[in-house]
Amino acid sequence: MSADAPGGPPAEEAAPPAPAADRPTAARGRAPAEPAGPRAGRFWSARRVPAAVLALVVLGATGLLLYDVAAVRADRPAMHWRRALADHLDRWRLDEVAVLAVAAAVVLLGLWLLVLAATPGLRAVLPMRRDHPGVRAGLDREAAALVLRDRAVEVSGVQSAKVRVGRGRATVRARSHFRELDEVRADLDTALAIGLRELGLARPCVLTVRVTRPTGRKA
């Protein structure tokens, strides 16, 4: 019987539901936030070739100038190139085309050196997520493209695929010899999105997929 016996202990009352703020996170369908790892910046290039070329040019010009100054101090005539340069500079005007062209070239060279000094370089290496603070890893763009290409050709209906991975975009051009193009494109989107996540890149690439028929076939 559902009624309580007289004189018996009272039935336990159902506990009121816990407030939403007191419920565990899993009950609300949200996973706990993972701690953010260290920031993964781009790899800096040593730029040994530009630095070596610039050092050699500066060293040669400085050494030649110091030798000529020392020769003049020793009561010997200045070198021909310095006398000729002084004569040309004495005759040239600041508004001449040659002077403006040389000045523009020097300015462009200086800007190029500033860009080299302020930018990381190594555009072919994509930084990966830093799950451990003391470990840095990078993935070559060609290797990433090869992995995505292998993923693409595993999709049913894909005959061939070409993949190009940039710093922020992955472009896939695939050819399908059977199945509907929309179905192949949807499967490629799914497979390549998983492949991009498994690469572990610090900056996810925007995926662009294009599917066409082989030459001579109609879509």
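The values are calculated or read from the model by the stated rules, or taken from the named source; none is laboratory data. Keep in mind it's a predicted model, so treat the numbers as computed, not measured. No Cβ is skipped: glycine too gets one built from the backbone with ideal geometry, and neighbour counts run over all protein chains shown. These accessible areas exclude ligands, DNA and RNA; they are computed on the full protein's heavy atoms, side chains included. Shrake-Rupley method; radii C 1.70, N 1.55, O 1.52, S 1.80 Å.
Quick notes
- If the condition is being of a type in the set (D, E) and loosely packed, with under 15 Cβ neighbours inside 10 Å, then the stretch 177-188 contributes E180, D182, E183.
- Among the residues of the stretch 142-169, those that are more than 23 Å from the chain's Cα centre (by Cα) and not small (G, A, S) comprise V153, E154, V155, V158, Q159.
- Among all positions in the stretch 139-157, there is at least one residue which is surrounded by fewer than 17 Cβ atoms within 10 Å (Cβ to Cβ), touching a Lys or Arg at 6+ places or on another chain (Cβ under 7 Å) and not basic (K, R).
- Matching residues in the stretch 204-219 - criterion: being at pLDDT 85 or above and not polar (S, T, N, Q): C205, V206, L207, V209, R210, V211, R213, P214
- In the stretch 147-163, the residues that are out of contact with any Ser or Thr (no Cβ under 8 Å at 6 or more places or on another chain) and of a type outside the set (A, V, I, L, M): R149, D150, R151, E154, S156, S160, K162
- Residue match in the stretch 113-126 (condition: modelled with pLDDT under 90, farther than 30 Å from A193 by Cα, among the hydrophobic types (A, V, I, L, M, F, W, C) and open to solvent by 90 Å² or more (accessible area, probe 1.4 Å)): yes
- Restricting attention to the stretch 170-219, the residues being within 26 Å of the chain's Cα centre (by Cα), among the hydrophobic types (A, V, I, L, M, F, W, C) and in a loop (DSSP other than H, G, I, E, B) number 2.
- In the stretch 39-118, counting only helices (runs of 4 or more DSSP H) that sit wholly within it, the ones holding 1 or more residues that are under 30 Å from R141 (Cβ atoms) and not β-branched (V, I, T) span 48-73, 97-118.
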